[in-house]
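Heads up, the thing below is written out as structure tokens.
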Amino acid sequence: MAYRKTPAEVRRLEAAREHLIACATSVVAEVGWSQASVTAVADAAGIAAGSVYQHFPSKAALAVEVFRRAAGREVEVLGEVLAAPGDPVDRLGRGIRVFARRALENRGLAHALLAAPAEPAVGAERLDFRRRYRALFAAVVREGIAEGALPEQDGEITAAALTGAVGEVLVDPLGSPGGPTTEALLDELTALALRCAGAP
């Protein structure tokens, strides 16, 4: 008869896995993907490097989970802002502003999510999440068109342009502390996004 873990053991393993993911996220935010070795993550978690493999089959699998958790939270927040009641143009501007502010408040992690060199598996996740961001922007742009608040356009193309532009504008500020102040950057980025969508 196969051994079955007790509920207490399952809870302990789940808690250890969550702790490991949290520590790995902190390490990635501090040093990026390339320096976030299994040893560095294990040291941060206070466990032996071999213990990491009790929870993840490889460094890549751990990195993908870190990316999915962190990027998933950003998609969730952006989705809540863009789907809130009110004028779609206002929501679009607010969504850009909230997304960029959150990135600038956690520069290391945001840079890792958007641009830092990473393993191919993380790169594939980036593409998937770019599609998710694009879908959120496309929905609010289409709503703006339907309400006459935005001019006729291909919402998918505008959403793709917005997704790319926001990431590109943020890359340098996230990678270095210098440059424009946060508020000035947010103002410029929001204005750029609204121009891109054709807002009056």
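What to note about this one:
- Verdict on Y53 being out of contact with any Cys (no Cβ under 7 Å at 6 or more places or on another chain) and either basic (K, R) or touching a residue at least 24 places away in the same chain (Cβ under 8 Å) (or both): no
- Checking each residue in region 113-153 for being aliphatic (A, V, I, L, M), closer than 30 Å to S58 by Cα and open to solvent by less than 60 Å² (accessible area, probe 1.4 Å) picks out L113, L114, A115, A116, A118, A121, V122, A124.
- Among (1) among the hydrophobic types (A, V, I, L, M, F, W, C); (2) more than 16 Å from P88 (Cβ to Cβ); (3) without any contact (Cβ under 8 Å) to a residue 12 or more places away in the chain - the single one A146 does not satisfy: (2)
- Scanning region 84-111 for residues that are free of Cβ contacts under 8 Å to residues at least 24 places away in the same chain and not charged (D, E, K, R) returns A84, P85, G86, V98.
- For region 6-42, a residue qualifies if it is of a type in the set (V, I, T) and at pLDDT below 95, and the qualifying residues are T6, V10.
The values are calculated or read from the model by the stated rules, or taken from the named source; none is laboratory data. Quick caveat: nothing in here was measured; it's all calculated off a predicted structure. Counting neighbours? That spans all protein chains shown, and the Cβs are built from the backbone with ideal geometry, glycine included. The accessibility values were calculated without ligands, DNA or RNA, using every heavy atom of the protein model including side chains. Shrake-Rupley method; radii C 1.70, N 1.55, O 1.52, S 1.80 Å.
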